[in-house]
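Before any comments, here is the structure.
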Amino acid sequence: MEKSLNFTGKTVDEAIEAGLNELGLTREDVEVEVLEEGKVRRIGKSVAAEVKLTVKEKQAAAGAEGSDGARAVAFLEGLFKQLGEEVVPVLEGEDEKIVINLQSATAKGIIGRRGEVIDALQTLAGAVANTGRKSYKRVVVDFENYRERREETLQHVAEKYAAKAVRQGRKVRLEPMNPYERRIIHAALMNNPDVTTHSEGNEPGRFVVITPKNIRFDKNRHGGKGDRNNRGNKYGNSNKDKNGDKPYPKRTLPKEDTPQSSGTSLNRSGSSYSRFFGSYLGNSRDEENNDEE
């Protein structure tokens, strides 16, 4: 139901301004009907100007307490008009938080990938609604019950990755999320006795880390004693081969005045290494002796 009031003044403009000041509205929030132009007479009684101000429907429904939510609705209406989308924002309530539900049968991509578009709309609507407020009031923009479905999905993700962290005994890092979605993850695991959660990184790439209480320290991954032993096996410092079945032959010093004494090859009798290097070194020594003669 529209609300209409009459206001007077010396001129039409003064009557309109007096009415807007009394209602606490702007020129765009009302419809003006001039009832009397007003006349100023030097002789005789002047006639005051009179106007009728009708509060537009969205403002009348919202009332004085709903001005913040109505302002956000008006902003979204103008935004969708500029985008050429047939979307109608409806103010559902604004007691503890401002809830705006978007209605559309034709708009595509209004939610966006993982809610990116509707989250951006919510951020803008929140900024408009909280303009001039001393304390911040939360604004929720929803479409086809997306917020409830997304919350259920995030709760499932939280439980899934918490179980993974406990099973593997290591931290699990989730993908970056906005503050609203991170709060859902923290709340979902708040009473979980096996894990703790915290956030890391900077916006907009801030993410949740799930830490199991049975976290293990892997010496092989962090350069511990086991890692040094593994490096020893890799470079042949162990007496066992990599399969742990047969020991490597021990390195022995060759006898003096033998072809092997000038090298460091393993003492493997009949091996191709001994024959090759032995023949090569022997031939080289024979050539040296011949040159000396």
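Just so it is clear, none of the values below were taken in a lab; they were calculated from the coordinates. Computed from a predicted structure; not experimentally measured. Here the Cβ is made from the backbone with ideal geometry for all residues, glycine too, and neighbour counts use every protein chain on show.
Here the spin labels are modelled as points 7 Å beyond Cα on the Cα-Cβ line, and at residue 32 and residue 183 they lie 4.2 nm apart.
Of 97/134; 164/213; 108/137; 81/134; 160/213, which ones are farther than 20 Å apart at the Cα? From the list (97/134; 164/213; 108/137; 81/134; 160/213), the Cα-Cα distance tops 20 Å for 108/137; 81/134. The calculated FRET efficiency for residue 103 paired with residue 10, based on their beta-carbon distance and R0 = 41 Å, is about 0.35. Magnitude of the charge dipole for the range 108-175, about its Cα centre and with charges confined to Cβ atoms of Lys, Arg (+1) and Asp, Glu (-1), is about 380 debye.
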